[in-house]
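The values are calculated or read from the model by the stated rules, or taken from the named source; none is laboratory data. Keep in mind that this is a model prediction, so the values were computed, not measured. Please note: Cβ atoms are built from the backbone with ideal geometry, for glycine as well, and neighbour counts cover all protein chains shown.
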Amino acid sequence: MNSLDKAHSISDLRQMARRRLPASVFDFIDGGAEDERTLADNRHALTRRRISSRVLVDVSSPNLETPIFGNTWAAPFVVCPMGSCALGWPEADIAIARAAASQGIVYTLSTMSTTSIERMANAVQGRLWFQLYILKNSALNYDLIARAQAAGYEALVVTVDLPVGGKRERDLRNEISIPLKFNTKHLWEGITHPRWALRMISSKFPEFENVRGFMGEEGSGLTIAARVGESLNASYQWSDLVQLRDKWKGKLLVKGVQHPEDALRMLEMGIDGLWISNHGGRQLDGAIASADALPAIYEATQGRVTLIMDSGVRRGVDALIAKALGANAVGIGRAPLLGACVGGQKGAHRAIEILIDELRRSMQLSGVADFSSANIKLY
Ligand code: FNR
């Protein structure tokens with residue numbers, strides 16, 4: 001039995017990742033902003049809800065297939081965009097994307113990924129979306145979009161909940177940066193985590209490949225959030241989003257939506273998908289939990305736009321609860337990344353497999369034969 005077989009839940013994978021990674025890297029992935037209230041609330045908003053099951057339904061072969069934008073996903077999960085993943089495992093982006101593709105779900109590549117748009121498109125056969133951070137350099141924004149379009153990415157996800165970088169205090173204390181700037185604490189962490197250190201030394205050092213040369217001074221030693229934050233355009237507004245709508249030919253989603261009035265306005269301007277998210281509790285500490293924001297957005301939009309919800313999904317049943325609250329599908333961030341930190345592609349595969357297996361079982365136990373048409377009552 002390899003160690004991944006001993007992981008029965010995302011929480012098991014998290015514990016394994018915690019043991020194997022230097023604390024600064026684990027904290028960067030696991031942590032949230034300031035007091036981590038929103039981080040905790042995201043979980044609580046899902047775990048406090050209960051399903052009122054139906055019985056005597058034929059659930060012998062539950063259907064997890066989910067139609068999104070005219071395509072069929074094998075299950076209602078999409079991998080969230082995540083930057084700097086190679087700090088945890090070399091080429092973690094590619095490992096996660098391949099694991100997603102092999103299980104029939106979409107992978108979203110971040111602007112701040114450690115794998116370029118083109119390298120990812122060449123490495124993975126599956127369905128890919130591209131996430132755009134709105135950078136101060138608007139020519140660079142349009143260049144990134146053109147590259148994603150040319151490389152065949154199916155949808156553009158524009159993240160709007162990050163006009164400035166969040167205050168992640170674990171990262172400030174740990175002084176974690178990209179490129180890694182070693183201090184004595186980091187050297188000690190490397191010595192005490194030799195397998196991680198060897199993997200890092202024998203692979204390409206992590207860098208922001210999509211925006212290489214545009215991210216300010218490399219040796220600045222700023223935390224990742226601060227370095228990304230410095231390059232973001234905090235004056236971006238509705239009129240700019242209209243222009244982006246005109247530029248991108250494929251499906252356009254906006255990520256970081258929390259308020260129903262914003263949701264309605266986006267629907268009216270022709271946005272195809274709303275991604276309800278608070279960035280996994282990594283930005284505004286005090287932001288509403290995604291599962292709490294979702295019902296009002298569903299109420300306002302009435303099924304006229306695709307809704308994806310992320311932040312806090314750690315169990316298959318969370319997807320069913322999100323569905324009951326109005327989501328078409330859920331985004332998964334830390335879950336597959338923690339898996340990748342434990343065992344590369346196999347680890348990411350195990351994380352997605354656990355979530356799919358849990359969702360299938362939850363559907364059967366709650367009398368849901370078909371995910372996309374499920375009508376679930378929650379308490
Ligand atoms: C993120 N997230 C993120 N979001 C985004 O739009 N662009 C990005 O580059 C990143 N980078 C990033 C790095 C890491 C390490 C994490 C954990 C998260 C947020 C991400 O897309 C998603 O919203 C959350 O991760 C969802 O919450 P869970 O599933 O991690 O609880």
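Quick check on my filter: what residues within the stretch 336-365 are surrounded by fewer than 24 Cβ atoms within 10 Å (Cβ to Cβ) and within 22 Å of Asp292 (Cα to Cα)?
Ser362 - this is the single residue of the stretch 336-365 that is surrounded by fewer than 24 Cβ atoms within 10 Å (Cβ to Cβ) and within 22 Å of Asp292 (Cα to Cα).
Tell me, please, whether a residue that is within 10 Å of the ligand (Cβ to nearest atom) and either of a type outside the set (D, E, K, R) or closer than 17 Å to Trp73 by Cβ (or both) can be found in the stretch 315-324.
The answer is yes, given that some residue of the stretch 315-324 is within 10 Å of the ligand (Cβ to nearest atom) and either of a type outside the set (D, E, K, R) or closer than 17 Å to Trp73 by Cβ (or both).
Within the stretch 52-69, can one find any residue that is within 16 Å of the ligand (Cβ to nearest atom) and in a loop (DSSP other than H, G, I, E, B)?
No: the stretch 52-69 contains no residue that is within 16 Å of the ligand (Cβ to nearest atom) and in a loop (DSSP other than H, G, I, E, B).
Scanning for something touching a residue at least 24 places away in the same chain (Cβ under 8 Å), charged (D, E, K, R) and within 16 Å of the ligand (Cβ to nearest atom), does the stretch 170-180 turn up at least one residue?
Looking through the stretch 170-180, at least one residue is touching a residue at least 24 places away in the same chain (Cβ under 8 Å), charged (D, E, K, R) and within 16 Å of the ligand (Cβ to nearest atom).
Out of everything in the stretch 88-135 that is within 16 Å of the ligand (Cβ to nearest atom) and of a type in the set (D, E, K, R), what residue ends up being farthest from Arg334 (Cα to Cα)?
Glu91
Report whether or not Gly339 is touching a Gly at 6+ places or on another chain (Cβ under 6 Å), touching a residue at least 40 places away in the same chain (Cβ under 8 Å) and away from the ligand (no atom under 13 Å from the Cβ).
So Gly339 fails the test.
Before we move on, is Arg360 more than 30 Å from Gly270 (Cβ to Cβ), part of a helix (DSSP H, G or I) and of a type outside the set (Val, Ile, Thr)?
yes
May I ask you to say which residue of Asp5, Asp27 is assigned to a helix (DSSP H, G or I), away from the ligand (no atom under 13 Å from the Cβ) and either at pLDDT below 95 or among the charged types (D, E, K, R) (or both)?
None of the others qualify; the one that does is Asp5.
Among the listed residues Asp285, Asp246, Asp262, identify the single one that is among the charged types (D, E, K, R), outside any strand (DSSP E or B) and within 16 Å of the ligand (Cβ to nearest atom).
Going through Asp285, Asp246, Asp262 in turn, just one is among the charged types (D, E, K, R), outside any strand (DSSP E or B) and within 16 Å of the ligand (Cβ to nearest atom): Asp285.
Being at pLDDT 95 or above and either part of a loop (DSSP other than H, G, I, E, B) or more than 16 Å from the ligand (Cβ to nearest atom) (or both) is the requirement here; does Gly312 meet it?
It is true that Gly312 is at pLDDT 95 or above and either part of a loop (DSSP other than H, G, I, E, B) or more than 16 Å from the ligand (Cβ to nearest atom) (or both).
Could you tell me how many of the residues in the stretch 64-77 are within 11 Å of Gly126 (Cβ to Cβ) and touching a Lys or Arg at 6+ places or on another chain (Cβ under 9 Å)?
Number of matching residues: 1.
Give the number of residues within the stretch 291-308 that are touching a helix residue (DSSP H, G or I) at 6+ places or on another chain (Cβ under 7 Å), within 16 Å of the ligand (Cβ to nearest atom) and farther than 18 Å from Ser373 by Cβ.
Qualifying residue count for the region: 4.
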